[in-house]
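Undergrad: Mind having a look at this structure? Questions to follow.
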Amino acid sequence: MKTQDTIKVKFAMMAFFIAALTFTGNAQECATTLASKSGTVLSANPGVLTTTATSDQVVVKIRKTGGRAETQVNVYVNNVMQPDPQDVFEFDNGNYTESQYRTRTFNNVSGKTIKVQIVNQSVANTFKYTLKIDGSKKSVATTGGKVEGTLIGQTNKTIYTDGSCTPKTRIIVRRKNGRARGNIRVWEKQSNGSWQRLDQYSQTLEQNQDKKIFVVNSNKKLKVELRNVSVGNTLGYIMNALAAN
């Protein structure tokens, strides 16, 4: 019996790991600019751009667009300045501009705070720049990730998506709590700026259901509405939109 129980446990563990690998393999990420900024830096006031990494790797890009100041650009991960001299951008004093971005890549940063600090080291001169922090993300919701809340009776929650980098978008609506039924409707943004409702993707989250997950065959911007159709019951929800194969 012990041998059979051991075999059962091993099979269960194998099934779990296979499922986990399958989920990971199906997950898609879309390249995105997490934050961007252009401006002029004076010696008394460093330029700062901060964001949270949504993937394991981010690329910091900066281009000098004007000014004469000698300038140093430092990158911090979770408020720790990156110590490698190759991680620092240094701009010599001089009246020149650059057509290409200088780049630095930082790994193993998912969920961490990325801060770029531009330090003008000249007293009299300025430094003009354009700065980007590029990464990737699974969620294509304009919020950058899942949205949570509670709907009282006869009220709506709407989320919007960026266009997916794949041909499809996966819509996820989960019930956190509450007994209300919910209607889910999807609209697709047209080239003229109007919204067209996609009735073929309309869904109902019944009282005995804890989630609705479905794929919309579109890589355009979408609008997803969840409506609590009950009068007296509440609907606690989690909503998200992901890139899908």
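Undergrad: Where the second residue is buried (at least 19 other Cβ atoms within 10 Å of the Cβ) and of a type in the set (A, V, I, L, M) and the first is free of Cβ contacts under 8 Å to residues at least 40 places away in the same chain and farther than 11 Å from M239 by Cβ and lies in segment 157-186, which pairs have Cβ atoms under 7 Å and are six or more apart or on separate chains?
TA: These pairs meet every condition: V186/I171; V186/V216; V186/L222; V186/V224.
Undergrad: So, of the residues in segment 45-60 that are among the small types (G, A, S) and either outside any strand (DSSP E or B) or at pLDDT below 95 (or both), which turns out to be surrounded by the most Cβ atoms within 10 Å (Cβ to Cβ)?
TA: So the first thing to find is which residues in segment 45-60 are among the small types (G, A, S), and the list is 47, 53, 55.
Going one step further and asking which of them are either outside any strand (DSSP E or B) or at pLDDT below 95 (or both), we end up with 53, 55.
Numbers: A53: 22, S55: 19.
My answer is A53.
Undergrad: Out of segment 22-44, which residues are modelled with pLDDT under 95 and more than 19 Å from A243 (Cβ to Cβ)?
TA: Matches in segment 22-44: S43, A44.
Undergrad: Within segment 85-120, can you find the residues that are of a type in the set (V, I, T), surrounded by fewer than 16 Cβ atoms within 10 Å (Cβ to Cβ) and free of Cβ contacts under 8 Å to residues at least 60 places away in the same chain?
TA: Hits for segment 85-120 are V88, T97, T103, T105.
Undergrad: Condition check: open to solvent by 40 Å² or more (accessible area, probe 1.4 Å), in contact (Cβ under 8 Å) with a residue 24 or more places away in the chain and either in a loop (DSSP other than H, G, I, E, B) or of a type outside the set (F, W, Y) (or both). Does V224 satisfy that? Outline the logic, then answer.
TA: On the way: open to solvent by 40 Å² or more (accessible area, probe 1.4 Å): no; in contact (Cβ under 8 Å) with a residue 24 or more places away in the chain: yes; either in a loop (DSSP other than H, G, I, E, B) or of a type outside the set (F, W, Y) (or both): yes.
So V224 does not fit the description; no.
Undergrad: Of the residues A244, A180, which is among the small types (G, A, S) and farther than 26 Å from T54 by Cα? Write out each step before concluding.
TA: Values: A244 fails: farther than 26 Å from T54 by Cα.
Just one listed residue meets the conditions, A180.
Undergrad: Can I ask one more? Among the residues of segment 108-123, are any in a loop (DSSP other than H, G, I, E, B), hydrophobic (A, V, I, L, M, F, W, C) and closer than 16 Å to G67 by Cα? First the steps, then the outcome.
TA: Going residue by residue through segment 108-123, those that are in a loop (DSSP other than H, G, I, E, B) are 108-112, 121-123.
Remaining after also requiring hydrophobic (A, V, I, L, M, F, W, C): 109, 123.
Still in the list and also closer than 16 Å to G67 by Cα: 123.
Yes, some residue in segment 108-123 is in a loop (DSSP other than H, G, I, E, B), hydrophobic (A, V, I, L, M, F, W, C) and closer than 16 Å to G67 by Cα.
The values are calculated or read from the model by the stated rules, or taken from the named source; none is laboratory data. Just so it is clear, the model here is predicted, and its values are computed rather than measured. Cβ coordinates were reconstructed from backbone atoms using ideal geometry, including for glycine residues, and neighbour counts include every protein chain displayed. All accessible areas refer to the heavy atoms of the entire protein, side chains included, with ligands and DNA or RNA removed. Shrake-Rupley method; radii C 1.70, N 1.55, O 1.52, S 1.80 Å.
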